[in-house]
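Okay, so here's the structure we're looking at.
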Amino acid sequence: MCRWAAWQGAPIFASEILTAPDHSLIHQSRDASECKTAINADGFGLAWYDKWPTPGLYRDVHPAWSEPNLKSLAQQVQARLFMAHVRASTGTATSRNNCHPFVQGNWTFMHNGQVGGFDQLRKAADMLIPDDLYPNRKGATDSEALFLVACGAGLETCPKLALEHSVALFEDMARGVECAPHMRMAAALSDGQTLYAVRYASDDRAPSLYYQWNAEWQGWSVVSEPYDTVCGGWKEVPKGSFCRFTPTGVEITPFMPQVRVAEPKLAG
């Protein structure tokens, strides 16, 4: 599986989460404590929003702990919203195009989890991506395919409904090939203004996900696992939840995948 961390709030340096804490995200890349494997060495990525509506993006295939360019960048990038990911592949190749986060327009997406039997489903999943978005399918992961399907299902107008629709499609395909677990996911996504997160599984083993309001930094941390225990205040996201983080608070609602005939149209 993978580990990731996201921040929304007053601008802070990415190093405050990626490198500085004792259990920073880079430390988790070689010694994670709440996932199936402690090692997440199949690449990394960092996306951040600053002056432009579209994010900056840096990804590579090296283990995060051995990449000096990432550490240097994290010390220089100061952003109001950023998302970082260290990857442990569930089967697809170690390549830059398979590293998270993924970007489409002003949207950024990263994921920890799996779609059961995706090797058998890859062609069918790709067929769900709208033609105008398919040129953006650069890699081979289930995560990127799910993201692009959600983009085509109304992500800009209602992220929650678009993801519920897309996850239901992928989960139904996994059930069709009788490959469990059908769906496990802890994902984060953003349009550059609002940070969203999802924790869900078709069984009782949803990947770990936590959030914290940091009064000193004036913002929200959303993480696969806490990067420190000094500040405290970490809360576990309930299983089957969709979270919406804004500068003024967090809204947590049930996440219930369901295939919809029409594209979602509600305001997000």
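So here's what we get for this one:
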| item | result |
| --- | --- |
| Some residue of the stretch 195-212 being β-branched (V, I, T), within 19 Å of the chain's Cα centre (by Cα) and under 24 Å from V86 (Cα atoms) | yes |
| Residue identified as assigned to a strand (DSSP E or B) and open to solvent by 10 Å² or more (accessible area, probe 1.4 Å) among E216, E178, E251 | E251 |
| Residue check, S33 closer than 14 Å to E225 by Cβ, of a type in the set (S, T, N, Q) and open to solvent by 50 Å² or more (accessible area, probe 1.4 Å) | yes |
| Qualifying residues in the stretch 111-168 (those that are open to solvent by 30 Å² or more (accessible area, probe 1.4 Å) and of a type in the set (S, T, N, Q)) - the one farthest from the chain's Cα centre (by Cα) | Q120 |
| All positions within the stretch 59-81 that are assigned to a helix (DSSP H, G or I) and among the polar types (S, T, N, Q) | S66, N69, S72, Q75, Q76 |
| Considering residues of the stretch 36-58 that are open to solvent by 40 Å² or more (accessible area, probe 1.4 Å) and not in a loop (DSSP other than H, G, I, E, B) only, the residue farthest from N106 (Cα to Cα) | Y58 |
| Filter pass, G268 being at pLDDT 95 or above, more than 19 Å from N112 (Cα to Cα) and in a loop (DSSP other than H, G, I, E, B) | no |
| Check on P226, touching a Gly at 6+ places or on another chain (Cβ under 7 Å) and assigned to a loop (DSSP other than H, G, I, E, B) | no |
| Every residue from the stretch 128-151 that is more than 17 Å from A188 (Cα to Cα), assigned to a helix (DSSP H, G or I) and touching a residue at least 24 places away in the same chain (Cβ under 8 Å) | N136 |
| First in the stretch 68-88 and closer than 23 Å to D42 by Cα, second anywhere and among the basic types (K, R), Cβ under 7 Å, 6 or more apart | V86/R3 |
| Single residue of the stretch 179-221 satisfying the filter (of a type in the set (D, E) and without any contact (Cβ under 8 Å) to a residue 40 or more places away in the chain) that is nearest to F245 (Cα to Cα) | E216 |
| Test: residue in the stretch 82-89 that is open to solvent by 10 Å² or more (accessible area, probe 1.4 Å) and assigned to a helix (DSSP H, G or I) | no |
| Whichever residue in the stretch 235-248 is in a loop (DSSP other than H, G, I, E, B) and at pLDDT below 95 and, among such residues, is farthest from A6 (Cα to Cα) | T248 |
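The values are calculated or read from the model by the stated rules, or taken from the named source; none is laboratory data. Small disclaimer: the values here were computed from a predicted structure and weren't measured. Note: ideal-geometry Cβ built from the backbone for every residue, glycine included; neighbour counts use all protein chains shown. Areas reflect the complete protein model, heavy atoms only, side chains present, ligands, DNA and RNA absent. Shrake-Rupley method; radii C 1.70, N 1.55, O 1.52, S 1.80 Å.
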